[in-house]
Amino acid sequence: MKKTALLILLSLLITACEKEEKPPPNPEWLNSLITQMEDAIPGTAIYLYKWNGEFYYRISNPVSSCLYCTLYNYSGDLVILSAKSTEDFAGNARMIKLIWQKEF
């Protein structure tokens with residue numbers, strides 16, 4: 001019985017690991033934007049997020065007081081969040097990884 005339970009648990013763990021989603025490759029518009037950001041303020045960063053099943057890129061500027069002002073969808077369209085959407089994004093979006101950061 002213990003071997004059967006262990007085998008079932010092991011197969012569940014393997015299945016769960018296989019469902020781990022890999023981040024998408026950087027879209028071409030993002031690579032172009034990164035190239036143009038050579039003169040950005042040190043500490044400026046681009047993060048990849050997943051929210052409501054979609055990928056988003058947030059540009060963080062260390063001197064800006066606006067947290068989610070520069071948010072793009074995967075296609076490169078600027079996303080303007082309402083107050084309610086901003087709250088939802090802040091609470092439910094999952095930061096996947098840091099894409100790029102201007103060194104200090």
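Every number here is computed from the coordinates shown, using simple stated rules; none is lab data. None of the values given here were measured: they were computed from a predicted structure. Note that each Cβ is placed from the backbone with ideal geometry, even for glycine, and that neighbours are counted across all protein chains shown.
Six or more apart or on different chains, Cβ under 9 Å: which pairs go from a residue in the range 43-57 that's of a type in the set (S, T, N, Q) to one that's in a strand (DSSP E or B)? Could you list them?
Note: pairs meeting the criteria are T44/I59; T44/S60; T44/W100; T44/Q101.
How about the range 57-73: which of its residues are out of contact with any strand residue (DSSP E or B) (no Cβ under 9 Å at 6 or more places or on another chain) and more than 13 Å from A90 (Cα to Cα)?
First, the residues of the range 57-73 that are out of contact with any strand residue (DSSP E or B) (no Cβ under 9 Å at 6 or more places or on another chain): 63-66.
Matches in the range 57-73: V63, S64, S65.
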